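Scroll down for the structure; my scribbles are underneath it.
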Ligand SMILES: [Zn+2]
């Protein structure tokens, strides 16, 4: 069976309006990258939403861009704690006591 015949059986696809909404609201659930829309091979009115790296959104799932943004913001706050937990790897980035006290004006 041809690849697009298989795809036609398992993928429903989206209308143009739906596809535009999906790519504006969601990101790939696997890599959190942007989704893109492509016309289906079997119907000019049917669009597929895909992640170029991971596959079709109907199979791989999606995550809201808002959730991705929240995760990224949390990551910024987690970074200093992670560095402190790994002094053997990041020791040069952690200021020693003397430097810290100098910066505080002592
Ligand atoms: Zn992806």
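The table below gives the values:
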{"read-out": "Cα-based helix-to-principal-axis angle, 16-25 vs the chain, degrees rounded to 10", "value": "10"}
{"read-out": "Whole-number percent relative contact order across the chain, with pairs defined as alpha carbons under 8 Å at least 6 apart", "value": "21"}
{"read-out": "Kirkwood hydrodynamic radius of segment 3-103, Cα pairs, Å", "value": "16.5"}
{"read-out": "Approximate spin-label separation residue 64-residue 44, in nm, with each point projected 7 Å along Cα-to-Cβ", "value": "3.6"}
{"read-out": "Pairwise FRET efficiency - residue 30 versus residue 6, Cβ, R0 = 30 Å, nearest 0.05", "value": "0.90"}
{"read-out": "Acute angle (nearest 10 degrees) that the helix 65-85 long axis makes with the longest principal axis of the chain, alpha-carbon atoms", "value": "30"}
{"read-out": "Mean ellipticity per residue at 222 nm, deg cm²/dmol - from DSSP H runs of n ≥ 4 across the chain, formula -39500 (n - 2.57)", "value": "-14500 deg cm²/dmol"}
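We did not get these values from a lab; they are worked out from the coordinates using the rules stated. It should be emphasised that the depicted structure is a prediction, and the values quoted were computed from it without experimental measurement. As a convention, Cβ positions derive from the backbone with ideal geometry for all residues, glycine included, and neighbour counts pool all protein chains shown.
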